[in-house]
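None of the figures in this text is laboratory data; all of them are computed from the coordinates on show. Predicted model only: the values in this text are computed from it and were never measured. As a convention, Cβ positions derive from the backbone with ideal geometry for all residues, glycine included, and neighbour counts pool all protein chains shown.
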Amino acid sequence: MEWVSLSEDAGSSNHQEPQVNMMSLPVMPIDYGVHLPSGNHELRVSDPRYQAMYNDILLSGCRFFVVTWRRSNQLAKVGVVFHLDDLQVTKGADGTPRYVAQHSACERARIVSVDNPEALKEKSQYLLAKVEFLDSCDSCLPAASAASTMQSSGQKSTGVTREERHAFEYLRRLFNRIIALMHELDIKPRLGNSEFHSHSFWDLSGTYGTLLVLRLQRRRQQQRLEAMQAANAWLKTREQEAKAFRNGDMTVLPENISLKLERATQLYENSCQRFQYVFQYLLQSCDFRERISIMAGLLRAEWRELLAHKSLRDLWQ
């Protein structure tokens, strides 16, 4: 994994020869998830400095910025360039503004240097960095083109071998077999469509990533529901403890029920982090064959699990 530490002096890497595929852009760090250069993404923003970022990019006319994963005082070195498509401003219950922004994910970008690393802690300004575009040609720079010209299929437009095309087609066929078997087994959550048609590697990866997140969320909800049912049963004859619990005091619950609630949250967070590392490594890889290999490993494991599920179902029918 490649990280940029914001505790180090960022200025040491600033003295470089100018490159045509490099420019300064705002950077929005996120503590959850890994965005891939595919599809549309919604962000809900309440942080005043990043609301200011949206204001600035609207005024400048360059609606591009980089979204990347944050871990403590480090940023993942490779993130995704977002293009702001639409911005709605609402007010929260306390009257403070809430930004709801829609974006197109354009391509990958590598952070070369951070101009103001102190902004991460000061919280008075948003981060700015020099970034290098990994997927676009010279004519596809954000300052000179629309977001649509920056769309990437996960590989360079030139230099893709027939072997690599066949490898992706294998992935697509395997993914469609997985989708079909999930429908046959009536497994939820599952994809609404019965077949995946896109020829984009990142579309496939993003769709599978969304499925994993939905599955984790469903599992957490089920575990929390079981824990809350146990808590309600225990509180039914304990009026004083029930009143404290309704006021937000979780300490009144017995240890076994508290542990159920904690495990549900911990399992979700651990599973999310594990998938974050996998998809971040996928994002930073510059070798198309390596990306194919990583995704093939994930899909084969998914296929084996579904086959085991089908065997058990057939056994008991």
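Label zone of T96 (point 7 Å out along Cα→Cβ, amide N under 12 Å): in the stretch 18-50 this covers 45-50.
Put in order of Cβ neighbour count within 10 Å, fewest first, the listed residues M1, M295 become M1, M295.
Per residue, the convex hull spanned by the alpha carbons of the chain comes to 178 Å³.
Loop-located trypsin sites (Lys or Arg not before Pro) in the stretch 225-255 (DSSP state other than H, G, I, E, B) with a sparse environment of at most 14 neighbouring Cβ atoms within 10 Å: K236, R238. Remark: the stretch 209-252 carries a charge dipole of roughly 240 debye about the Cα centre, counting +1 on each Lys and Arg Cβ and -1 on each Asp and Glu Cβ. Residue ranges 262-275, 108-121 sort as 108-121, 262-275 when ordered by packing (mean number of other C-beta atoms within 10 Å per residue, highest first).
Annotation: the residues D85, D135, D31, sorted from fewest to most other C-beta atoms within 10 Å of their own C-beta, follow the order D31, D85, D135. Legend: calculated FRET efficiency, V89 to Q317, from the Cβ-Cβ distance at R0 = 41 Å, rounded to 0.05, equals 0.15.
Spin-label pair K310-N247: with each label point 7 Å from Cα along the Cα-Cβ axis, the two points sit 5.6 nm from one another.
Would you calculate a helix-derived [θ] at 222 nm for the chain, using -39,500 (n - 2.57) for each DSSP H run of n ≥ 4 and dividing by the full residue count, to the nearest 500?
Theoretical 222 nm ellipticity from helices: -15500 deg cm²/dmol.
Computed from the C-beta positions of E255 and A180 and an R0 of 41 Å, the FRET efficiency is 0.35 to the nearest 0.05.
Which value results for Rg/Rh of the stretch 163-316 when Rg is the Cα radius of gyration and Rh the Kirkwood radius based on the inverse mean 1/r?
1.12
Given a Förster distance of 30 angstrom, what is the FRET efficiency for L59 paired with E122, based on the Cβ-Cβ distance and rounded to 0.05? My answer for the efficiency is 0.85. The separation of the stretch 238-307 from the stretch 53-85, counted between C-alpha centres, amounts to 26 Å.
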